[in-house]
1. List the equivalent ellipsoid semi-axes of region 40-95 in whole Å, largest first, each obtained as the square root of 5λ for an eigenvalue λ of the Cα gyration tensor.
2. Apply the Karplus curve 6.51 cos²θ - 1.76 cosθ + 1.60, θ = phi - 60°, to the phi angles in region 31-38 and return the couplings in whole Hz, x for Gly and Pro.
3. Whenever you get a sec, line up Trp101, Trp90, Trp117, Trp58 from highest to lowest accessible area (probe 1.4 Å, protein heavy atoms).
4. Enumerate the calculated ³J(HN,Hα) couplings along region 39-49 in order (Karplus 6.51 cos²θ - 1.76 cosθ + 1.60, θ = phi - 60°), each rounded to whole Hz, writing x wherever the residue is Gly or Pro.
5. Kindly write out, for region 55-62 in residue order, the coupling ³J(HN,Hα) from the Karplus curve 6.51 cos²θ - 1.76 cosθ + 1.60 (θ = phi - 60°), rounded to whole Hz, with x marking Gly and Pro.
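The values are calculated or read from the model by the stated rules, or taken from the named source; none is laboratory data. Computed from a predicted structure; not experimentally measured. What goes into the accessible areas is simple: the full protein's heavy atoms, side chains included, and nothing from ligands, DNA or RNA. Shrake-Rupley method; radii C 1.70, N 1.55, O 1.52, S 1.80 Å.
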Amino acid sequence: ETMIVCFVPGFGLVILLSGIRPFLVATLASVVVSGAFVWLFSAPGTVTLGASGVVFGWLAFVLVRGVFSGNVRHLLVGVVMFLVYGGVLWGVLPTASGISWQGHLGGAVGGVLAAWWLSRRPDAPGPS
């Protein structure tokens, strides 16, 4: 999980280059949905700590926003990010004890929801 945290500035920066609004929406959705997944699906008494849900949310946002928006640049960035970091997505599965896959999966779902929501907004930029 330490390795994933190292990528936080990269994923966040890629989103921030699109503007403050996509960054805030992707971050907020990732935080809220990740927290909800941990709260709903973790074992009673479990303590979950860290920002990896946000990292997975940012990654998922970058991977799918081009699909939802039809923006060619976003599609290309998503493909490159998948080729470089796609292996990290195994973290959304319950593969290791002590790792909050619930937070990872929830963050990824939040990122996908943010990308979908932003692409459906009337003021969303069109394909370029």
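1. Computed over region 40-95, the values are 28, 12, 9 Å.
2. Going residue by residue, I get 5, 5, 6, 4, x, 5, 5, 4 Hz, with x marking Gly and Pro.
3. On the way: Trp101 75, Trp90 175, Trp117 100, Trp58 20 Å².
Output order, biggest surface exposure first: Trp90, Trp117, Trp101, Trp58.
4. Listing the rounded values in order: 5, 7, 10, 7, 5, x, x, 6, 9, 10, 9 Hz.
5. 4, 5, x, 4, 4, 4, 4, 5
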